[in-house]
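Worksheet for the structure shown next.
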Amino acid sequence: MKKINQFLDKLFDIIPGYVFGVLAFIIGFSGDLIALLVTPEYQMWRSSISNLGIKPGGIFWRSGLVISNIFAIPFVIFFGRSLKDDNVNEVVRKLAIASGVFTSVSAVLTGVFTGTTVLLNYLHGVFALLSFIGGAITCSIYSFLLLKNKKFAKSITYAGIVISGIVVSYLIPFFITNFCNYFQDICLPFGEAIYPIMPTYEWIMILSILFWYLSNSIYLAKVKP
């Protein structure tokens, strides 16, 4: 761990940590946009993002997802370090960093394991679920830490809370539709009634997370806490 911290110290001396957050946004957003432009038959308000991943333009979405989340790893570490303060619990701060790294790794594996075989579908679904849950936990903990740290403005704190709410609230219909799909005898009609909101909601969530990287990166670049 000491060697890792020393490596990160040297890395952040060369490249400011907020740069990685900007790169995560640019690459992630560009991958989504290019994938949509080259796949006109895909309708983002009708199909999940996973369906885009297996279409011809899906290589751009998958590449953007993998590369952006690789850059997200040093960013969440840098962000977590910047939140160190007397009012911030060290255990919670380290938990936030660990959760952020776990979420990014899960998202990378979501992009890697995308395909049409049963095994790839299963792995993709598992890692996507882990990244969604991890994202909800990460955004929530970081928002809590921002509230505790007086060096950060209320505007960036409230933005984080809103994004946390979007990610957390997405999990509700996500679990309902998947539960009803597995237990069709119990609630299939209810799950089918909810599903139409899922694709749009998923895109809102993904874009919100990308905005979370961008907004916090810009703020860290300005205030240099």
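Structure above, values below:
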| read-out | value |
| --- | --- |
| Residue list for region 50-60, filter: surrounded by fewer than 19 Cβ atoms within 10 Å (Cβ to Cβ) and under 16 Å from Glu202 (Cα atoms) | Ser50, Asn51 |
| Subset of region 81-99 [assigned to a helix (DSSP H, G or I) and touching a residue at least 60 places away in the same chain (Cβ under 8 Å)] | Arg81, Ser82 |
| Filtered residue count, region 6-32, keeping only those that are within 15 Å of Gly80 (Cα to Cα) and not aliphatic (A, V, I, L, M) | 7 |
| Subset of region 100-112 (residues that are in contact (Cβ under 8 Å) with a residue 40 or more places away in the chain and either among the small types (Gly, Ala, Ser) or not in a helix (DSSP H, G or I) (or both)) | Gly100, Ala107, Gly111 |
| Candidates Phe152, Phe174, Phe179 - the one that is among the aromatic types (Phe, Trp, Tyr), in a loop (DSSP other than H, G, I, E, B) and farther than 23 Å from Ser63 by Cβ | Phe152 |
| Any chance Ile97 is farther than 15 Å from Ile209 by Cβ, at pLDDT 90 or above and surrounded by 15 or more Cβ atoms within 10 Å (Cβ to Cβ) | yes |
| Residues of region 30-55 satisfying the condition of being free of Cβ contacts under 8 Å to residues at least 12 places away in the same chain, under 19 Å from Asn121 (Cα atoms) and not in a helix (DSSP H, G or I) | none |
| Filter pass, Leu109 being more than 30 Å from Ala153 (Cα to Cα), touching a His at 6+ places or on another chain (Cβ under 9 Å) and of a type in the set (A, V, I, L, M) | yes |
| Unmet requirement for Gly115, which otherwise passes all of (1) free of Cβ contacts under 8 Å to residues at least 60 places away in the same chain; (2) more than 21 Å from Ile26 (Cα to Cα) | (1) |
| Per-region count, region 8-44, residues surrounded by 15 or more Cβ atoms within 10 Å (Cβ to Cβ) and of a type in the set (Lys, Arg) | 0 |
| Filter pass, Ser47 being surrounded by fewer than 16 Cβ atoms within 10 Å (Cβ to Cβ), polar (S, T, N, Q) and modelled with pLDDT of 95 or more | no |
| Answer residue from region 157-207, given it is out of contact with any Leu (no Cβ under 7 Å at 6 or more places or on another chain), buried (at least 17 other Cβ atoms within 10 Å of the Cβ) and among the polar types (S, T, N, Q) and is farthest from Gly135 (Cα to Cα) among those | Thr177 |
| Residue match in region 207-225 (condition: of a type in the set (Val, Ile, Thr), touching a Lys or Arg at 6+ places or on another chain (Cβ under 8 Å) and part of a helix (DSSP H, G or I)) | yes |
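Let's see how each residue does on (1) closer than 25 Å to Lys94 by Cα; (2) touching a residue at least 12 places away in the same chain (Cβ under 8 Å):
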| site | (1), (2) |
| --- | --- |
| Leu120 | no, no |
| Ile204 | no, yes |
| Leu214 | yes, yes |
| Lys224 | yes, no |
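The values are calculated or read from the model by the stated rules, or taken from the named source; none is laboratory data. Keep in mind that what you see is a predicted model, and the values were worked out from it rather than measured. Positions of Cβ are backbone-derived with ideal geometry, glycine not excepted, and every protein chain shown enters the neighbour counts.
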